[in-house]
């Protein structure tokens with residue numbers, strides 16, 4: 001269990017993404033303008049986390065199952081994406097301890113202690129709002145950030161609104177969205193190892209997500 005739990009810990013000092021703001025679920029934004037289909041093969045979702053204190057980093061990937069995004073007058077208006085939780089992978093390069101295997105960690109992350117993939121095979125992200133990134137007032141570790149995106153992220157049976165900086169590029173034929181941000185897993189009820197007195201936690205609450213989403217005109 002300890003090895004599997006390492007997925008969900010990220011030391012504040014080791015994070016290289018922006019701390020996302022979270023809140024109650026909001027109404028989805030209307031997808032107006034031109035609609036683009038997610039390029040599943042060309043898109044990627046990465047995760048990274050460590051044991052409390054920044055030790056033993058674990059990292060891996062997830063894949064989109066489907067998605068659409070809309071833009072009008074060079075600006076995002078909305079979007080909705082489905083993540084296939086069955087594609088959750090642990091990079092074997094991040095599992096270096098003797099006797100530990102990436103496949104064992106993957107299996108544990110998919111069981112009811114964490115994502116319960118047999119019951120909740122997909123996760124969903126639905127854009128609720130987009131505003132321009134203002135370098136004078138907004139801060140980001142992401143070079144070239146252009147927008148602040150808010151959206152409802154549903155994991156298992158819990159939906160939380162997440163807000164983070166992103167770098168968005170829009171042309172007539174395609175859209176790309178890049179972001180790197182940190183979320184608190186307990187916001188979705190993923191509490192294993194992060195209950196009771198924080199001084200006793202063996203697992204930090206943060207997980208860093210790296211998004212590189214591509215979409216092409218329908």
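Before moving on, here are some points about what is shown:
Yes or no, residue by residue, for (1) buried (at least 18 other Cβ atoms within 10 Å of the Cβ); (2) farther than 22 Å from residue 92 by Cα; (3) at pLDDT below 85; (4) touching a strand residue (DSSP E or B) at 6+ places or on another chain (Cβ under 7 Å):
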{"site": "2", "(1), (2), (3), (4)": "no, no, yes, no"}
{"site": "28", "(1), (2), (3), (4)": "no, yes, no, yes"}
{"site": "39", "(1), (2), (3), (4)": "no, yes, no, yes"}
{"site": "58", "(1), (2), (3), (4)": "yes, no, yes, yes"}
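- Cβ-Cβ under 8 Å pairs, at least 6 apart or on other chains, the range 104-124 side on the phi > 0 side of the Ramachandran plot and in contact (Cβ under 8 Å) with a residue 40 or more places away in the chain, far side surrounded by 15 or more Cβ atoms within 10 Å (Cβ to Cβ) and in a loop (DSSP other than H, G, I, E, B): 116/110; 116/156
- Among the residues making up the range 156-189, those that are touching a helix residue (DSSP H, G or I) at 6+ places or on another chain (Cβ under 8 Å) and surrounded by fewer than 19 Cβ atoms within 10 Å (Cβ to Cβ) are 156, 158.
- The residue that is modelled with the highest pLDDT, counting only those in the range 4-26 that are surrounded by 17 or more Cβ atoms within 10 Å (Cβ to Cβ) and not in a loop (DSSP other than H, G, I, E, B), is 18.
- Residue within the range 98-111 that is at pLDDT below 90, crowded, with 21+ Cβ neighbours inside 10 Å and either within 25 Å of residue 17 (Cβ to Cβ) or in contact with a helix residue (DSSP H, G or I) (Cβ under 6 Å, 6 or more places away or on another chain) (or both) present: yes
The values are calculated or read from the model by the stated rules, or taken from the named source; none is laboratory data. Only a predicted model underlies this, so the values are computations on that prediction, with no experimental measurement involved. Cβ atoms come from the backbone with ideal geometry, glycine included; neighbour counts cover every protein chain shown.
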